[in-house]
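The values are calculated or read from the model by the stated rules, or taken from the named source; none is laboratory data. Because the structure is predicted, anything quoted here is derived from the model rather than measured. Here the Cβ positions follow ideal geometry from the backbone for every residue, glycine too, while neighbour counts run over all protein chains shown. Heavy atoms of the whole protein, side chains included, go into the accessibility calculation; ligands, DNA and RNA do not. Shrake-Rupley method; radii C 1.70, N 1.55, O 1.52, S 1.80 Å.
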Amino acid sequence: MHITTANPASPEIRALLEEHMAAMMANSPKGACHFLDIAALQAADVTFWTVRDGDGEDAQLMGCGAMKEIAADHGEIKSMRTHGDHLRKGVGGAMLGHIIGTARERGYKRISLETGSGDYFGAAHALYLRHGFEYCGAFGDYVEDGFACYMTLELS
């Protein structure tokens, strides 16, 4: 797997992100989605990556992920998504490991995320728990809403 920074506005990546956004809206109560749109994923405080099955021009898009700096010592994971053709191949774990490594390189003390709490989000919870994340309360600008689930990982 090859992970590189990428432009989320490219047509292939945009399609994956639109699938991600649609799934979040279909599996969350109205007003409970906190995903970043394409423009927000291009902001200076966000780094966006893709996972591909190689590094050539014909390499298939396997997934994506992003990290937003919410404080000088705190990053937030955003837009983690594995392409449907590449489920159960370790794409999410590879991306998560890359994001955690980047957070450590940047000197962050912790990295957090917000996700849903329904059955649809169970695989995501399991992935984050396997990588040492723990449940926590709302952080940053989030407000407890009864649906959102917050997780954090203290970095050493």
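Here is the figure for the stretch 6-49: residues that are over 21 Å from F121 (Cβ atoms), open to solvent by 50 Å² or more (accessible area, probe 1.4 Å) and either in contact (Cβ under 8 Å) with a residue 12 or more places away in the chain or in contact with an Asp or Glu (Cβ under 8 Å, 6 or more places away or on another chain) (or both) total 5. Going by the structure shown, is T102 touching a residue at least 12 places away in the same chain (Cβ under 8 Å), touching a helix residue (DSSP H, G or I) at 6+ places or on another chain (Cβ under 8 Å), among the polar types (S, T, N, Q) and within 26 Å of A138 (Cα to Cα)? Answer is no for this residue. Inside the stretch 141-153, residues that are in contact (Cβ under 8 Å) with a residue 40 or more places away in the chain, under 16 Å from E69 (Cα atoms) and part of a loop (DSSP other than H, G, I, E, B) make up a count of 1.
Does G132 satisfy the criteria of being of a type in the set (G, A, S), more than 16 Å from the chain's Cα centre (by Cα) and assigned to a loop (DSSP other than H, G, I, E, B)? So G132 does not fit the description; no. Taking the criterion of being open to solvent by 20 Å² or more (accessible area, probe 1.4 Å) and of a type in the set (A, V, I, L, M, F, W, C), the residues of the stretch 50-81 that qualify are I70, A71, A72, M80. Put simply, of A126, A138 the only residue that is part of a helix (DSSP H, G or I) and surrounded by fewer than 18 Cβ atoms within 10 Å (Cβ to Cβ) is A126.
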